[in-house]
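I have placed the structure first, in the form of structure tokens, so that the comments after it can refer back to it.
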Amino acid sequence: MTWENHSVLMEFVFLAYPSNPELRMLCFLGVSLAYALIISWNILIVVSIQTEARLHTPMYYFLGSLSGIELCYTTVVVPHILANTLHSEKTITLLTCATQMVFFIGLGSADCFLLAFMAYDRYVAICHPLQYPLIMTVTFCVRLVVASVVIGLFLSLQLVVFIFCLPFCRARGIEHFFCDVPPVMRLVCASSHIHELSVLVAATLAIAVPFFFIATTYALIVAAVLKLHSGAGRHRAFNTCSSHLTVVLLQYGCCAFMYLRPNSSYNPKQDKFVSLVYTLGTPFLNPLIYTLRNSEMKEAIGKILTRNYLSFKMMGSFH
């Protein structure tokens, strides 16, 4: 079944939102607060890296790019979630649903690829420190970031076109807060084995392949670090990698749970909670993990906040 067989104006209805007005308002306030903190933290990281000259290194360039991607990633779905929380009609057209899914899955996949490239950056810095400036040039770093976004969106587009060319059942209710692959696939009226396999292949390319690359990279890093004679050197190397490894486990754990499994094991209540974790939780926790464990980032952010506070006070004194 092709796009011509579907009506582009066909609508899906989201069923996951609470019907109780007080509970809806509580959800709205909670999601709004989380979204505001995500925007604030990630923008603060990007601005700090841009303004502090000593943070103009590949590691921090990747971190700034990760924050930028996560800003876009949450913005694809969170404003729509907030609008649906307040509206009585929680519908979305087929075309809008497909577009939302392309960018949500694409930017989520870009996140995974970028984390893999960040692991490679740590590998070169620890295992080949003398060649590091020659390998990790600005041009190479820019290409890696662009490649992560392009590959992520390409894989996502292929998957979404495939899903939305399938025939949908008469039931239009999506047991979710937004258009994600597992709940939308539940509405497909077709033999599911080949379709599940196609989704699994796409998820393997976007999630499992980068994760195995990261695992291999860290195995090589650990082997190199254990050969260091200096205890301080080993501690510094492990400390440099620990933040990235924490973020990797959080991101890949949620993604693997959602996408690397058969459609039959889909549990709406459980999966709605997990989806909120990787939609709001990881973009909120990632900046905290990187800043709280990094003295240079804490210092840079402190300078930005102090500078803005002083500027605000000076403006107030003029008035």
The stretch 88-246: proportion of alpha-carbon pairs further apart than 29 angstrom, %: 37 percent
For the chain, accessible area per residue (1.4 Å probe, heavy atoms of protein chains only), Å²: 50 Å²
Disulfide-incompatible cysteines by the Cβ rule (no partner under 4.7 Å) in the chain: Cys27, Cys72, Cys112, Cys127, Cys141, Cys165, Cys241, Cys254, Cys255
Calculated from backbone phi, Karplus (6.51, -1.76, 1.60) coupling profile of the stretch 35-42 in Hz, x at Gly/Pro: 5, 4, 5, 4, 4, 4, 4, 5
Other-chain or far-sequence residues with amide H under 5 Å of Phe168's (modelled H): Cys189
Accessible surface of the stretch 149-229 [probe 1.4 Å, protein heavy atoms]: carbon and sulfur percent: 74 percent
Heavy-atom SASA rank of Met59, Met297, Met25 (probe 1.4 Å, accessible area, largest first): Met25, Met59, Met297
Candidate aspartates and glutamates - alpha carbon under 13 Å from Lys298, same-chain residues fewer than 8 apart omitted: Glu52
Whole-Hz ³J(HN,Hα) from phi, Karplus 6.51 cos²θ - 1.76 cosθ + 1.60, for the stretch 83-93, glycine and proline x: 5, 5, 4, 8, 7, 6, 8, 9, 10, 8, 6
Amide H partners (placed H, <5 Å) of Asp180, local residues excluded: none
Qualifying aspartates and glutamates (Cα of each under 15 Å from Cα of Lys269; at least 8 residues distant if same chain): Glu175, Asp180
Charge dipole (the chain, unit charges on Cβ, about Cα centre) - positive-most of Ile301, Ala190, Pro283: Ile301
For Gly173, residues with placed amide H under 5 Å, excluding near neighbours: Val13
Of Thr91, Phe140, Leu115, farthest towards positive along the dipole that unit charges on Lys, Arg, Asp, Glu beta carbons give the stretch 83-198: Thr91
Stretchable slack from Leu95 to Leu29, in nm (0.36 nm times residue separation minus alpha-carbon distance): 20.9 nm
Two-decimal Rg to Rh for the chain - Kirkwood Rh, Cα set: 1.02
Protection proxy ranking of 156-163, 87-94, 115-122, 197-204 - average other beta-carbon atoms within 10 Å, highest first: 115-122, 156-163, 197-204, 87-94
With every protein chain in place, the stretch 103-144: carbon and sulfur % of accessible area (1.4 Å): 72 percent
Note, ³J(HN,Hα) from phi for the stretch 178-190, Karplus 6.51, -1.76, 1.60, rounded to Hz, x at Gly and Pro: 7, 7, 10, 4, x, x, 6, 4, 5, 8, 6, 9, 7
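The values are calculated or read from the model by the stated rules, or taken from the named source; none is laboratory data. Note that this is a predicted model, so its numbers are computed, not measured. Cβ coordinates were reconstructed from backbone atoms using ideal geometry, including for glycine residues, and neighbour counts include every protein chain displayed. What goes into the accessible areas is simple: the full protein's heavy atoms, side chains included, and nothing from ligands, DNA or RNA. Shrake-Rupley method; radii C 1.70, N 1.55, O 1.52, S 1.80 Å.
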